[in-house]
Number of protein chains: 2
Amino acid sequence: MENLNRLTRKPRQSDVAKRAGVSTAIVSLVLNGRLEGNVRISQQTQERVWQAIRDLGYVPNPVARSLAGGQNRLLGVFTYEAIFPLEQHDFFYPFLLGIEHEAESQGYDLLLFTQTDASKRRKVFLEGVNRLQLADGAVLLGQYSDRDELARLQQEGFAFVYVGRREVSGAEISYVAADYAAATAEIINRLLDLGHRRLLYLKVPQTSESSQDREAGYRQAFVKRGVKLDESSIVPLEEEADLQPLEGWLARGITAIISERPGLALRIVEAARKLGKQVPRDLSVATLGDVAGAPHLTAELTTFCIPRQEMGAEAVRLLLKRMESPPQTGPYRLLLPCTQTPGSTIGPPRHPKPRPTSQ
Amino acid sequence: MENLNRLTRKPRQSDVAKRAGVSTAIVSLVLNGRLEGNVRISQQTQERVWQAIRDLGYVPNPVARSLAGGQNRLLGVFTYEAIFPLEQHDFFYPFLLGIEHEAESQGYDLLLFTQTDASKRRKVFLEGVNRLQLADGAVLLGQYSDRDELARLQQEGFAFVYVGRREVSGAEISYVAADYAAATAEIINRLLDLGHRRLLYLKVPQTSESSQDREAGYRQAFVKRGVKLDESSIVPLEEEADLQPLEGWLARGITAIISERPGLALRIVEAARKLGKQVPRDLSVATLGDVAGAPHLTAELTTFCIPRQEMGAEAVRLLLKRMESPPQTGPYRLLLPCTQTPGSTIGPPRHPKPRPTSQ
DNA sequence: CTGAAAGCGCTTACAG
DNA sequence: CTGAAAGCGCTTACAG
């Protein structure tokens, strides 16, 4: 560090090489620990190089490293929404926790892409340029995603893993996802086992993969149980929907409501109580997931927890695996189990189907 | 995009140049819209270049661009603790919100440094090397910081801004901080104005800059008001400290307690009530800051809010200013006002000093 | 075991 | 108005 103050420019590899009395190739090899192979560098030389590096306070330029074909030990993190959102504050947090932790373990730094296009929207391709290329690979997350961009990214052979299942026609996306189907099926199984036959499944109106998976789980449970599924039991409903119909549902003999959205489930429990009904005595209510960062919100509800932190960590691991293999391989996919949380909002129905009517 | 499928390698600038019958320089200029200056490129040429770009599906390599261009439009974010901590979940969040938002506005991406040294601790200098140089500049934050590293970073002329005041001997650190002194003084002023004379100031045992600033504010208020400060009114106390002494304080005639820590303040209110005292009738309680991400926790308390998001955003702005100026200039510093929140835990004391004893 | 050199894909003076 | 060339700071064959 002696004369850095006199120097304006940063030291570069050639400065180190000069000072250590070796070529830049040697500096590069020492720096990258490539001490095996067909090159054997004496201990002494290595020491001289490290000393020169320390003396000069040399730091390799990651951009140059990247360009020269090496890697830069940077993992990209890309989201189509702001990664630190004001509302829904906690949505990304647990994922990031897992991503950061695993990146740290693996010795990678994180590159958060925040640049937007002219219309203030986040894009992988800005003016046709794939900016994620700055990193060795990237983890993508967020509910909204631009399918065309994902397809193009995949076609380019860029190494990325999505946190959440993403299907795009013409491209096999690698992902780490929660096993919503299995977790949903398990809840429905319990309800069927308890004797419920008149279920109502309130799903989100938009069809996302996670929503499809939950619906698939719903259907699987009926098939497995050999119970005929009433197609009209699947009803798309907005989270903020008016709960007027609740009374009608109860009158129609619905004994269990499964709401895909936790918020809606909570409102249903509340509304049912307002109608003088007890949960779960008069109505069982379940939901299909927890609220990130607010487990207490769904503590009462029968539901399952999404392993967000683990998903983040596994996404990083899968990404590294993907990065080590030739482009265009894969896809790499991993399904993580959700944890069932008992809750206290489901129970046996008042009039279980199997039981004959009272004589 | 005609024969991209046949081609294994991506087209590069020279391919475009060849196809358009121009030099790479022209392609670069057209691509970057540098059509003024001392170069004038005919409409026709421009069209040929764009056509070639389209024909080949050419995408400029951002890494090469960075290397040739000198900057990489990357802003570092460094913390000595994990940036997404499990406990104290919300500590960094509002700062990051501001940082991300401002970085986005300014067209920078964020580089989160997560790499650790052999003993799993975060360091700016790993093996003697300043890793922050990966970015064009960096924002540092977190309560704990390694002063030696900050000093060295400063001496190296690296462009960085700390979120929070940091004083290091022999180095003038640039920072954006909350004006704790002014905010504290304002609260103390109010108490003095209400007639309180027997105050108790519970400060954190460790001396950090923010703690010093608050204490300074406490003292300033007395000076300004011309009231003699009782040195023994300043008591270091752990957040989790036993509140046994409370009864003694009340017996000694303390009418107002100012706790630097919100958590402790809340416990004091609670403990006082358990002793049958009313707040603020029998005891005024104030604290000197809010809890990040949980404003409701301190809603009842008389305190002030720390403008965390704004601090993050201003840190980025200051950093960009710093980056534009020659190294070794500065320091760049900014003090941001806190917002007073009324709360309901202070009121006039039972026996205001100025009032003569009842006749 | 070590060095000279090409090359990664751009940008930017600098000549023409 | 346009082209040839140097240079950004590395890595990696390829000679010695």
Practice problem: Residues being near DNA strand C (Cβ under 10 Å from one of its atoms) and crowded, with 19+ Cβ neighbours inside 10 Å: count how many of those fall in the stretch A:49-64. | Solution: 2
Quiz item: Do we have any residue at all in the stretch B:133-156 that's part of a strand (DSSP E or B), touching a helix residue (DSSP H, G or I) at 6+ places or on another chain (Cβ under 6 Å) and free of Cβ contacts under 8 Å to residues at least 24 places away in the same chain?
Solution: no
Exercise. State which residue pairs qualify: first residue on the phi > 0 side of the Ramachandran plot and inside the stretch B:243-260, second residue open to solvent by 30 Å² or more (accessible area, probe 1.4 Å) and assigned to a loop (DSSP other than H, G, I, E, B) in any location, beta carbons under 7 Å apart, and separation of 6 or more residues or different chains.
Key: B:253/B:198
Quiz item: Only one residue in A:223, A:176 is open to solvent by less than 50 Å² (accessible area, probe 1.4 Å) and among the aliphatic types (A, V, I, L, M). Which one?
Solution: A:176
Practice problem: Could you please give the count of residues in the stretch B:46-61 that are away from DNA strand D (no atom under 15 Å from the Cβ) and charged (D, E, K, R)? | Solution: 2
Exercise. Being under 24 Å from residue A:206 (Cα atoms) and touching an Asp or Glu at 6+ places or on another chain (Cβ under 6 Å) narrows it down to one of A:165, A:147, so name that one.
Key: A:165
Practice problem: Could you please give the count of residues in the stretch A:294-308 that are at pLDDT below 95 and polar (S, T, N, Q)? | Solution: 1
Exercise. Those residues that are buried (at least 19 other Cβ atoms within 10 Å of the Cβ) and more than 27 Å from residue A:106 (Cα to Cα), I need them from the stretch A:124-144; list them, please.
Key: none
Practice problem: For the stretch A:158-176, state whether one or more residues are under 30 Å from residue B:67 (Cα atoms) and within 13 Å of chain B (Cβ to nearest Cβ). | Solution: yes
Quiz item: Among the numbered criteria (1) part of a helix (DSSP H, G or I); (2) at the interface with chain A (Cβ under 7 Å from one of its Cβ atoms), which single criterion is violated by residue B:114?
Solution: (1)
Quiz prompt | Residue tally, condition assigned to a loop (DSSP other than H, G, I, E, B) and either within 7 Å of DNA strand C (Cβ to nearest atom) or surrounded by 13 or more Cβ atoms within 10 Å (Cβ to Cβ) (or both), over the stretch A:17-48 | solution = 8
Quiz prompt | Scan of the stretch A:28-37 for residues that are near DNA strand D (Cβ under 7 Å from one of its atoms) and farther than 22 Å from residue B:68 by Cβ, ordered by number | solution = A:29, A:31, A:32, A:34
Exercise. Could you tell me whether residue A:313 is touching a residue at least 24 places away in the same chain (Cβ under 8 Å) and loosely packed, with under 14 Cβ neighbours inside 10 Å?
Key: no
Quiz item: Among the residues of the stretch A:243-271, which ones are charged (D, E, K, R) and open to solvent by 20 Å² or more (accessible area, probe 1.4 Å)?
Solution: A:247, A:252, A:261, A:267, A:270
Exercise. Exactly one condition in (1) open to solvent by less than 40 Å² (accessible area, probe 1.4 Å); (2) within 10 Å of another protein chain (Cβ to nearest Cβ) is not met by residue A:120; state its number.
Key: (1)
Quiz item: Of everything in the stretch A:97-111 that's open to solvent by 20 Å² or more (accessible area, probe 1.4 Å) and in contact with a helix residue (DSSP H, G or I) (Cβ under 7 Å, 6 or more places away or on another chain), which residue is farthest from the other protein chains (Cβ to nearest Cβ)?
Solution: A:106
Quiz prompt | Filtered residues of the stretch B:62-96 (kept if at the interface with another protein chain (Cβ under 7 Å from one of its Cβ atoms) and within 16 Å of DNA strand D (Cβ to nearest atom)) | solution = B:62, B:63, B:64, B:66, B:67, B:72
Quiz prompt | Whichever residue in the stretch A:318-331 is more than 14 Å from the chain's Cα centre (by Cα) and touching a residue at least 40 places away in the same chain (Cβ under 8 Å) and, among such residues, is nearest to residue A:176 (Cα to Cα) | solution = A:331
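The values are calculated or read from the model by the stated rules, or taken from the named source; none is laboratory data. These numbers were taken from a predicted model, which means no experiment stands behind them. Reconstructed Cβ throughout: ideal geometry from the backbone, glycine too, with neighbour counts over all protein chains shown. To get the accessible areas, we keep the full protein, side chains included, count just its heavy atoms, and leave off ligands, DNA and RNA. Shrake-Rupley method; radii C 1.70, N 1.55, O 1.52, S 1.80 Å.
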